[in-house]
Amino acid sequence: MNNQDRVQKPSKPATNSLKQAEKKKREVFKAVLASPYSRRNLWPAVSVELQNNLVDLLCSILEEIGTFNRLSQAEKNSSGLEKPSISEYVIYGFNSCMKALEEQSKKIQSMKLVLNSDHTLRYLFVCKLDMTTPLLFQHFPILSAYANVKLIQLPKNTHQKLQRVLGLKKPIEVLVLAKGAAKMYPLLAELAEGVEDVDIEFLRSGPFEAKIKHILTQQTVKK
């Protein structure tokens, strides 16, 4: 009898088969504590109409800065032109805005901030929908609360409009205005002040309710 004629005995099922592994698991409820640092509803609601009106006003205000930025250094020197007065109260670019907001936050905590100063930051405009990852914008609600500024989300593709109006080579996704700009342009201040302040529970004084949710998952049963 050759090897092909031999009757092969059925092999025993593997002890670590997928089916057996599934039998060793049970359904359980797992508690999940919500993170205050990434809650989407912390961003104040801004209507589409208000967003568009703010973008139009910002472009009008920043146009003078853009005209100055487009001049070469030789043209600036020969003409004797100085930076527009509004530029004193405008900060743009992610890193520059972050630095300014963090500095103001520290001054508030140490009670060294002059609230009535024209250079005190007041409005934080963020092109949230133009950013490539949430890591770039999810901290802004917390930071704006610490720095005591209005957080205002702008419509998609606004970063390119700001780039063009400012005469820059790269898109601008973050822009901060100080109180001096609000005094120079009351209409902008009136519209921006209509946006609600960021409301963060854990920054309030006193206890607050923990937000705990439960999800259905599986747990391996140990022998």
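Looking across the range 131-141, the residues that are within 8 Å of the chain's Cα centre (by Cα) and of a type in the set (A, V, I, L, M, F, W, C) come down to LEU135, LEU136, PHE137, PHE140. Do you know which residues across the range 138-150 are surrounded by fewer than 21 Cβ atoms within 10 Å (Cβ to Cβ) and among the aromatic types (Phe, Trp, Tyr)? Within the range 138-150, TYR146 is the sole residue that qualifies. Residue under question is GLY66, and the condition is that it be surrounded by 16 or more Cβ atoms within 10 Å (Cβ to Cβ) and either at positive phi or modelled with pLDDT of 95 or more (or both); does it hold? Judged against the criteria, GLY66 is a match.
Out of curiosity, is LEU54 surrounded by 13 or more Cβ atoms within 10 Å (Cβ to Cβ) and modelled with pLDDT of 65 or more? So that I can check it myself, show each step before the final result.
Numbers: surrounded by 13 or more Cβ atoms within 10 Å (Cβ to Cβ): yes; modelled with pLDDT of 65 or more: yes.
Judged against the criteria, LEU54 is a match.
Being part of a loop (DSSP other than H, G, I, E, B), surrounded by fewer than 17 Cβ atoms within 10 Å (Cβ to Cβ) and not charged (D, E, K, R) is the filter; apply it to the range 108-130 and report the residue that is nearest to the chain's Cα centre (by Cα). Talk me through it step by step, then tell me what you get.
Step one: list which residues in the range 108-130 are part of a loop (DSSP other than H, G, I, E, B), which gives 110-120, 127.
Within this subset, residues satisfying the condition of being surrounded by fewer than 17 Cβ atoms within 10 Å (Cβ to Cβ) are 110-112, 114-119.
Narrowing further to those that are not charged (D, E, K, R): 110-111, 114-117, 119.
Working: SER110: 25, MET111: 26, VAL114: 26, LEU115: 24, ASN116: 27, SER117: 26, HIS119: 23 Å.
Only one residue tops the list, namely HIS119.
Every residue, every condition in (1) of a type in the set (A, V, I, L, M); (2) within 17 Å of VAL198 (Cβ to Cβ); (3) outside any strand (DSSP E or B); (4) at pLDDT 95 or above, yes or no:
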| residue | (1), (2), (3), (4) |
| --- | --- |
| LEU151 | yes, yes, no, yes |
| PRO155 | no, no, yes, yes |
| LYS161 | no, no, yes, yes |
| ILE172 | yes, no, yes, yes |
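For residues that are closer than 16 Å to GLY66 by Cα, out of contact with any strand residue (DSSP E or B) (no Cβ under 7 Å at 6 or more places or on another chain) and not basic (Lys, Arg), tally how many sit in the range 138-172.
Taking the range 138-172 and keeping what is closer than 16 Å to GLY66 by Cα, we get 158-172.
Then drop every residue that is not out of contact with any strand residue (DSSP E or B) (no Cβ under 7 Å at 6 or more places or on another chain), which leaves 158-161, 163-165, 167-171.
Now narrow it down to the ones that are not basic (Lys, Arg): 158-160, 163, 165, 167-168, 171.
Number of matching residues: 8.
When SER87, SER96, SER105 are checked against the criterion of being surrounded by 16 or more Cβ atoms within 10 Å (Cβ to Cβ), modelled with pLDDT of 95 or more and within 17 Å of the chain's Cα centre (by Cα), a single residue qualifies: SER105.
Among the residues of the range 174-186, write down those that are touching a Phe, Trp or Tyr at 6+ places or on another chain (Cβ under 6 Å) and assigned to a helix (DSSP H, G or I). Of everything in the range 174-186, those that are touching a Phe, Trp or Tyr at 6+ places or on another chain (Cβ under 6 Å) and assigned to a helix (DSSP H, G or I) turn out to be GLY180, ALA181.
The values are calculated or read from the model by the stated rules, or taken from the named source; none is laboratory data. Being a predicted model, the structure only gives us computed values, none of them experimental. Heads up, the Cβs are rebuilt from the backbone with ideal geometry, glycines too, and the neighbour counts pull from every protein chain shown.
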